[in-house]
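J.: Let me begin by handing over the structure; questions about it come next.
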Amino acid sequence: MSKKQATLDHISTDVLVIGGGNAALTAAITARELGLKVLVLESSPIEVRGGNSRHTRNIRYIHDAANSFLTGPYLEEECYNDLLMVTKGNTTEKMARLVIRGSHNVGDWMTAHGCRFQPAMRGTLHLSRTNAFFRGGGKGLINAYHETCRRLGVQVMYETEALDLEVANGTCTAVHAQGPKGEYLIRLRSVVLASGGYQGNRAWLREAWGPTADNFLIRGTPYDKGVMLKAMMEKGAKTIGDPTQGHCVAIDGRAPKFDGGICTRLDCVPFGIVVNKDGRRFYNEGEEFWPKRYAIWGRLVAGQPDQIGYVFIDAKSINLFMPSVFPPLESDTVGGLAEQMGLEPNAVEETVRAFNASTKPGSFNPGELDGLATEGLDPPKTNWARPLDTPPYYGYTLRPGITFTYLSLVINEQARVVQQDDTPFNNIFAAGEITSGNVLGQGYMAGFGMTIGTVFGRLAGKEAATCLMN
Amino acid sequence: MSDELKCKQQAAVLKEADRVMGICNACRYCEGICALFPAMELRRTFTAGDLNYLANLCHNCRGCYYCCQYAPPHEFQLNFPQAMSALRAQTYEQTAPGFLKKLFPNNAFYVFAVSLVATILLTAVSLCASGPSVFFGAHSGSGSFYKIIPYGAMLLVFCLAGLFALVALLRGVIAFWRISDGKLQWLDLAAHKKAVRDVLTLKYLDGGGDGCNYPDNRFSMIRRQFHHAVFYGFLLCLASTSVAFIYDHAFGWPAPYGFFSLPVLLGTFGGLGLLAGTGGMLWLKTVMDARPADPASTGMDMAFSALLFLVSLSGLLLLVFRSTELMGLLLCIHLGLVLGLFLTMPCGKFVHAVFRYAALVRNAHEQRTGQV
């Protein structure tokens with residue numbers, strides 16, 4: 001204990017921002033622009049700063065008219081309906097509308113703080129009206145915000161992880177943090193928690209999912225361990241969201257354990273069939289366009305034995321989807337490909353035979369829901385169902401890839417963290433993935449994580465600053 | 001280096017370029033930064049020819065390095081500018097005619113040595129031919145340069161050197177077209193028009209709008225401005241030499257010319273541009289973040305900038321001291337360095353000007369037609 005105290009450094013700030021992603025930096029910038037001293041704790045090294053934001057690419061926000069990078073208007077009701085559709089109504093309307101309204105023309109604020117947008121290009125055209133794309137992706141955005149922070153005089157401490165908060169009577173007075181040179185006690189007047197979900201914490205994932213969680217790949221930062229989420233739960237914060245819900249997609253089974261990001265996605269599922277380790281199909285691969293379905297396939301694969309899926313396509317389809325980061329396995333026979341994948345060749349051959357027999361002639365069009373469906377097959381494939389008959393055959397393994405978890409701290413309309421008795425903490429605010437469950441009960445829509453981060457980040461920054469001024 | 005080892009090394013450079021391109025083509029976040037990424041997206045797989053072409057489309061702005069989620073320390077160790085620089089340097093070497101290939105490893109040494117030898121030879125021969133009293137004498141009036149180096153000799157040496165550079169560069173760019181699987185895209189006039197505009201504006205050093213990332217991760221137009229100074233400085237000097245050539249041979253007005261004559265004005269502004277531009281480029285090389293750089297290419301880059309810097313410095317000094325006793329020596333140094341520049345042009349960094357233009361033409365054609 002005496003040794004610990006010897007290395008304990010004391011720091012003080014007005015507003016402490018815990019986290020280093022989009023929500024954290026927008027909060028920090030906003031609070032600093034209101035004239036307060038702001039300190040940001042980024043737990044990662046500088047090279048991989050930005051949490052999951054560095055893997056993002058665009059933000060969805062409402063706007064009344066087209067501009068140089070958005071092709072048309074996108075208004076509140078349409079956005080809200082889109083959200084209802086993906087979450088199947090599992091949202092909090094008050095908070096969802098707060099986010100959507102707060103996003104109105106937020107691109108202007110982002111541009112003024114260094115973000116640069118570009119028009120959507122090949123492969124992302126379906127989002128060109130609703131989502132604005134960052135030039136250079138999310139890391140470009142994070143770099144721009146850091147440059148703005150530097151200019152404004154926001155202090156950033158890297159490789160410094162917040163461990164615990166000192167809270168009494170609903171007020172946080174200090175945070176304990178571990179930095180590269182020792183432990184810090186940071187005295188503060190208000191705090192913004194923007195430290196992400198807990199998907200980087202394998203033990204916690206196992207708590208929620210059971211041992212199957214060991215087979216999940218974490219698509220983003222390994223630094224989101226949910227330390228603040230857990231600390232606040234212990235301090236009596238109210239939570240929202242199912243711990244097993246999150247943004248979870250099916251990705252290339254060979255992807256890195258962490259930080260594989262966008263390039264590990266596989267867009268070939270609608271053009272082939274997916275089987276489990278027993279060689280059996282388990283879901284309609286052609287239900288909808290892939291961008292509308294990729295976010296359910298993570299859970300589908302997670303539900304299969306050993307949490308693994310195998311997608312088979314043939315030579316007709318190899319050029320119909322975005323190139324994969326790892327080359328596919330390839331064989332002149334279905335059985336040969338199955339063997340390469342460690343599957344029972346007879347079982348897969350039988351599945352393909354049954355599938356092929358249920359396909360019927362018709363016109364195939366990857367650009368629309370072509371209705372080319374199987375007949376008498378269970379589960380059916382309702383679009384793009386062409387027989388697998390043209391060698392070489394190609395295959396990929398699929399694994400669940402978690403982007404972020406939805407278990408969240410409940411916040412109110414000032415982004416204040418709420419206690420179990422529904423009264424808010426006095427000076428504890430939250431934004432970003434640690435609050436995503438307030439809006440997303442399940443499902444996901446592209447670019448909305450950044451909407452939540454930016455709107456709640458600005459709100460939390462503003463409230464954390466103004467609560468000190470009154 | 002043995003041929004076998006060289007082959008292995010070249011294959012490794014291509015393989016790394018292919019590896020990073022494969023990751024980039026699955027990610028595509030950088031498509032708004034420059035021409036290379038949209039060109040990449042026209043392809044699913046990359047032949048050696050594709051890679052050789054794409055590497056020369058890269059302007060080394062480094063925008064992609066700083067916004068790359070897979071850059072080191074990520075386990076993919078994706079260093080796109082470094083891989084492109086290494087491959088680009090390899091295409092220069094591969095396409096150089098015959099024995100000139102040997103000048104690419106240790107390029108800085110050869111550029112320095114050739115220029116030094118040319119300068120010493122020119123000085124020694126002139127000194128011997130004109131005699132010390134003329135060489136170290138003060139001269140004035142038109143034709144005074146010819147008292148140091150006779151008209152015929154100057155014409156012969158520089159015409160031969162210029163012809164050598166021209167032929168070697170032409171051979172080089174044809175060879176480049178071949179190793180990059182180029183077809184008839186070069187016949188597309190509209191593509192040339194677009195490529196000329198891209199060159200004159202240095203479009204792809206704007207990083208998509210805010211400049212490139214030199215000397216560090218922040219955006220800045222500084223490298224584009226330095227490069228503009230070099231490019232337009234070089235063009236002005238070329239114009240100055242051409243006008244002087246016409247004055248001399250068509251009108252019979254031999255140099256030196258008055259301070260406010262066309263050749264001297266062009267040369268002065270050109271020389272100052274080159275001095276500032278190459279000086280700036282050299283300074284950037286010394287202060288820049290070294291991580292995205294290809295260490296093996298740095299010598300070649302620096303040698304070319306340094307030689308251009310010295311050529312312009314010696315030219316300006318000659319202008320200032322041309323009526324003093326220093327004229328003979330300065331003239332020989334300046335012309336010796338120019339000779340060195342001509343002789344090393346096809347086997348050094350200058351090649352990038354020609355290859356980049358060829359790559360820009362091909363890119364303009366591909367983007368216009370949507371065909372690779």
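The values are calculated or read from the model by the stated rules, or taken from the named source; none is laboratory data. Every value quoted in this text rests on a predicted model; they were computed, and no experiment measured them. Neighbour counts are summed over all protein chains in view; Cβ atoms, including those assigned to glycine, are modelled from backbone coordinates with ideal geometry.
A quick yes/no check of all residues on (1) in contact with a Gly (Cβ under 7 Å, 6 or more places away or on another chain); (2) farther than 25 Å from B:Ala303 by Cα; (3) aliphatic (A, V, I, L, M); (4) touching a residue at least 40 places away in the same chain (Cβ under 8 Å):
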{"position": "B:Tyr204", "(1), (2), (3), (4)": "no, no, no, yes"}
{"position": "B:Ala229", "(1), (2), (3), (4)": "yes, no, yes, yes"}
{"position": "B:Cys237", "(1), (2), (3), (4)": "yes, no, no, yes"}
{"position": "B:Thr241", "(1), (2), (3), (4)": "no, no, no, no"}
{"position": "B:Ala255", "(1), (2), (3), (4)": "no, yes, yes, yes"}
{"position": "B:Gly271", "(1), (2), (3), (4)": "yes, no, no, yes"}
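Rundown of residues vs (1) β-branched (Val, Ile, Thr); (2) buried (at least 22 other Cβ atoms within 10 Å of the Cβ), yes/no style:
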site	(1), (2)
B:Leu5	no, no
B:Gln9	no, no
B:Glu16	no, no
B:Asn25	no, no
B:Cys34	no, yes
B:Thr45	yes, no
B:Tyr53	no, yes
B:Tyr65	no, yes
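J.: If you go through the stretch B:297-351, how many residues are within 14 Å of the chain's Cα centre (by Cα), under 20 Å from B:Ile149 (Cβ atoms) and polar (S, T, N, Q)?
T.: The total comes to 0.
J.: Within the stretch A:297-351, can you find the residues that are of a type in the set (Val, Ile, Thr), under 30 Å from B:Val20 (Cα atoms) and out of contact with any helix residue (DSSP H, G or I) (no Cβ under 8 Å at 6 or more places or on another chain)?
T.: A:Ile318
J.: Another question, if that's okay. Looking at the structure I just gave you, is A:Ser363 part of a loop (DSSP other than H, G, I, E, B) and crowded, with 19+ Cβ neighbours inside 10 Å?
T.: Criteria not met by A:Ser363.
J.: Shifting gears a bit: Please verify whether B:Thr344 is hydroxyl-bearing (Ser, Thr, Tyr) and surrounded by fewer than 22 Cβ atoms within 10 Å (Cβ to Cβ), treating the condition exactly as stated.
T.: When the stated conditions are applied, B:Thr344 does not pass them.
J.: A further question on this structure: Kindly provide the set of residues from the stretch B:147-185 that are under 23 Å from B:Leu337 (Cα atoms) and outside any helix (DSSP H, G or I), ordered by number.
T.: Across the stretch B:147-185, the qualifying residues are B:Ile149, B:Pro150.
J.: Whether any residue in the stretch A:107-118 is surrounded by fewer than 17 Cβ atoms within 10 Å (Cβ to Cβ), among the aromatic types (Phe, Trp, Tyr), closer than 22 Å to A:Glu433 by Cα and more than 14 Å from chain B (Cβ to nearest Cβ) is what I want to check.
T.: Looking for residues that are surrounded by fewer than 17 Cβ atoms within 10 Å (Cβ to Cβ), among the aromatic types (Phe, Trp, Tyr), closer than 22 Å to A:Glu433 by Cα and more than 14 Å from chain B (Cβ to nearest Cβ), one finds at least one in the stretch A:107-118, hence yes.
J.: All but one of (1) touching a residue at least 60 places away in the same chain (Cβ under 8 Å); (2) within 14 Å of chain B (Cβ to nearest Cβ) hold for A:Glu47; which doesn't?
T.: The failed condition is (1).
J.: Moving on to the next point. Go through B:Gly252, B:Gly277 for me and flag whichever is surrounded by 16 or more Cβ atoms within 10 Å (Cβ to Cβ) and either assigned to a helix (DSSP H, G or I) or assigned by TED's automatic domain parsing to the domain that holds B:His227 (or both).
T.: Among B:Gly252, B:Gly277, only B:Gly277 is surrounded by 16 or more Cβ atoms within 10 Å (Cβ to Cβ) and either assigned to a helix (DSSP H, G or I) or assigned by TED's automatic domain parsing to the domain that holds B:His227 (or both).
J.: Applying the selection to the stretch B:40-64, what residues are in a helix (DSSP H, G or I), over 12 Å from B:Met84 (Cα atoms) and of a type in the set (A, V, I, L, M)?
T.: B:Met40, B:Ala48
J.: Could I ask something else about it? For the stretch A:368-418, what are the residues that are assigned to a loop (DSSP other than H, G, I, E, B), crowded, with 17+ Cβ neighbours inside 10 Å and under 29 Å from the mean Cα position of the chain (by Cα)?
T.: A:Lys381, A:Thr382, A:Asn383, A:Trp384, A:Tyr406, A:Leu407, A:Val410, A:Asn412, A:Ala415
J.: Next question. What single numbered condition from (1) assigned to a helix (DSSP H, G or I); (2) touching a Lys or Arg at 6+ places or on another chain (Cβ under 9 Å); (3) within 30 Å of B:Asp181 (Cβ to Cβ) fails to hold for B:Gln90?
T.: Exception for B:Gln90: condition (2).
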